[in-house]
Amino acid sequence: MKKLMNLKITLLLSISALLLTSCSDVLNTEPITDEISPPQEEQVITTAADAELAIKSCYNSFGIEYWQFDYFFLGDAGADVAYAGADQDAFFQIEQYRIIATNYVVARDWNWLNDFVKRCNLVINYVNDVPDLTQERKDEMIGEASLIRALTRFQAVQTWGDFPIVTQYVSSINNENFETVYPSLYPARKPIAEVYAAIIADCEVALAKAPTSTSSASSKYKASKNAANALLAKVYATMPNPDWAKVIQYSDAVIAGGYTLLPTYDHLFDSNHEGNAESIWEVNGEGNGSNIYAWCTDVFLGQNWKKFNTPSHTLYNAFIANADTKRRLSTIKRFPTTFADPYWATYAQFPYPWKMRKTDGTQNFYLFRLADIMLLKAEALAHTDNLTGAMAIVNQIRTRVTLANVAPATSMDDAINKILKERFLELAHEGQRWFDLKREGKSIEVLSQQTYPVYNQTTGITTETPMPYVNNLIPNDLAWPVPQGVLDNNPNLTQNPGY
C-alpha cells in the first residue's frame with residue numbers, strides 16, 4: 001500500500017507538472033490571441049469568446065503537420081502513388097514498409113491525433129454550460145467538434161487498429177480526482193470495433209447538431225451534416241464486416257445533397273474554384289499570419305530543396321496507358337531540377353505532384369469531394385452484386401475527362417479492381433490510396449507488384465525492375481507501431497504485432 005501511495009504521489013507531481021506546461025500548449029495556435037482563458041477547477045470554458053476559441057482550436061488541427069503533410073505522405077508514398085522523395089530515413093521507412101517503433105513521424109502523428117481528440121473533448125465537455133451562448137450555437141459547436149473527433153479517430157483506427165477512446169478533457173489533477181482522470185491520462189487501447197462504434201456515435205451527433213450543408217463556399221469549410229454523411233459512408237465501408245447497405249444509404253445522402261461534378265477536372269485544383277460544387281468538406285488555407293497557414297505546398301513542390309511525394313512510375317505509366325491526359329496534367333507537373341533520385345533519372349523533366357500549387361499559404365485541399373463518394377458507392381454496389389450500377393458510376397467519372405467507358409465487369413473482384421483503378425487515377429495525390437487498398441484487402445497484392453524502369457546504357461534497353469522492398473510485405477506491415485516513447489510512458493498500452 002505504501003508503494004502504491006508513493007507511486008500515486010509521484011504520478012500526481014509529474015502529471016501536474018506536465019499539465020502546467022502542456023494544457024495551454026494544446027490550445028496555443030498562431031496567432032497567440034487564440035489562447036483560451038486559463039483553466040478553472042469546475043468550468044473550463046466560461047464565456048462565449050472562450051467557446052469560440054475552443055472550436056477554432058479544433059479547426060486549427062487542419063493546419064498541423066498531420067493534415068498538412070503526413071496524411072498525404074501515408075496515403076500516397078505509403079502506397080504506389082508516390083516515392084518518398086526528400087532525404088529523411090523516417091519517411092523512407094514508411095515508403096518501404098520497414099517502420100520501427102522509434103520513428104519520429106509515427107510518434108508525432110500518434111501525439112497529434114490524440115491532441116486533436118483532446119481539443120474536441122474540451123468543446124464537447126463544457127460548451128453546454130456556457131451561459132452567454134444560444135442553445136443553437138452550442139449544438140452547432142458540439143456537432144462540429146464531434147465530427148472532427150470522429151474523423152480524427154477514423155484516421156487513427158485505420159493506421160494503428162486498436163486505439164484509445166478518451167472522452168474526458170482533463171483540466172486539472174489533484175488527490176481527489178486522480179482515480180477518475182487516470183484512465184484519460186493513461187488510456188488503454190480499445191478494440192477496433194469499439195473505436196468504430198465511437199466514431200459512428202460522434203457522426204450521429206453531427207447529423208443531429210452540426211451546421212446544415214449549403215452551396216456557399218463557407219459551408220464547405222465546416223464540419224457539416226453532409227460531411228458527416230460522407231464520413232459515415234467511409235466508416236461503414238472500412239470497419240470490420242462492412243455494411244454495404246449503409247454505405248449506399250449515406251453515399252446517396254451525400255449525392256442528393258446538391259453537389260455536382262465540376263465539368264472541368266482541373267478546376268478542382270487551379271485555386272480559382274475554391275468551395276466549389278463538388279466540394280463536400282474542404283480545408284481552407286487562409287494565408288500568412290492565419291490559423292491555417294497552408295504550408296503543405298512547399299513540402300511537395302519547389303526547387304529550394306528536394307521535395308516529398310515524388311510521383312511514381314506506376315502512377316505516370318497508368319495515366320499514359322489509359323490515355324488519361326486531363327487527369328495526368330492536373331496531377332503531375334514536370335520541372336527541370338538537379339536533385340538526385342533513384343527512380344527518375346531525367347532531371348530535365350523531373351515530376352512533381354501538382355494538385356496543390358499555391359505557395360502563399362492559401363492552398364485549399366479536400367477532405368471529401370463528390371467523385372470520391374460516388375466511387376465509394378460504386379464499391380458498395382459491386383459488393384452487393386450490382387455490377388452494372390457500379391460500372392455506370394465509374395463511367396460517369398470517366399466521362400468528365402473524356403475517357404471511354406470501361407468494359408462490363410465480369411465478377412465482383414473484376415468490378416472492385418476497376419473501381420480501385422479509377423480511384424487511383426481520379427484521387428492520386430489526395431492521400432487516399434493507402435486507405436483504399438487496405439479497405440479492400442488489396443494492399444499486399446497490389447503493392448508487391450511495384451516496379452521501376454532501369455535503362456541500360458550499353459544495350460539501350462529499358463526493363464521494369466521490381467522495387468527492392470516489396471517482395472516481403474506481410475499483414476503486420478499494414479498497421480503502424482505504437483510509438484516506443486508512448487509505450488514507455490503509459491503502462492496500459494500494448495504494441496502491435498511484429499514490432
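Quick notes
- The residue that is farthest from PHE424 (Cα to Cα), counting only those in the range 322-341 that are open to solvent by 60 Å² or more (accessible area, probe 1.4 Å) and either among the small types (Gly, Ala, Ser) or touching an Asp or Glu at 6+ places or on another chain (Cβ under 6 Å) (or both), is ALA340.
- Within the range 190-220, considering residues that are in contact with a strand residue (DSSP E or B) (Cβ under 7 Å, 6 or more places away or on another chain) and surrounded by 21 or more Cβ atoms within 10 Å (Cβ to Cβ), the one modelled with the highest pLDDT: VAL195
- Qualifying residue in the range 273-294 (condition: out of contact with any Leu (no Cβ under 8 Å at 6 or more places or on another chain), open to solvent by 20 Å² or more (accessible area, probe 1.4 Å), touching a residue at least 12 places away in the same chain (Cβ under 8 Å) and of a type in the set (Phe, Trp, Tyr)): yes
- Within the span defined as the range 456-473, every residue fails to be surrounded by 13 or more Cβ atoms within 10 Å (Cβ to Cβ) and either in a helix (DSSP H, G or I) or modelled with pLDDT of 95 or more (or both).
- Of the helices (runs of 4 or more DSSP H) lying entirely inside the range 263-378, those containing at least 2 residues that are at pLDDT 90 or above and of a type in the set (Phe, Trp, Tyr) are 313-321.
- Considering only residues in the range 391-433 that are touching a Pro at 6+ places or on another chain (Cβ under 9 Å) and more than 21 Å from THR314 (Cα to Cα), the one that is surrounded by the most Cβ atoms within 10 Å (Cβ to Cβ) turns out to be MET391.
- From the options THR388, THR384, residue that is open to solvent by 50 Å² or more (accessible area, probe 1.4 Å) and touching a Phe, Trp or Tyr at 6+ places or on another chain (Cβ under 8 Å): THR384
- Test for ALA79: is it buried (at least 18 other Cβ atoms within 10 Å of the Cβ) and under 30 Å from THR451 (Cα atoms): yes
- Neighbours by Cβ (under 7 Å, 6+ apart or cross-chain): first from the range 469-483, under 13 Å from ILE99 (Cα atoms); second outside any loop (DSSP other than H, G, I, E, B) and of a type in the set (Gly, Ala, Ser): LEU478/SER443; PRO483/ALA107
The values are calculated or read from the model by the stated rules, or taken from the named source; none is laboratory data. Fair warning: this is a prediction, and the values are worked out from it, not measured in the lab. Note that each Cβ is placed from the backbone with ideal geometry, even for glycine, and that neighbours are counted across all protein chains shown. Surface accessibility is based on the protein's heavy atoms, side chains included, excluding ligands, DNA and RNA. Shrake-Rupley method; radii C 1.70, N 1.55, O 1.52, S 1.80 Å.
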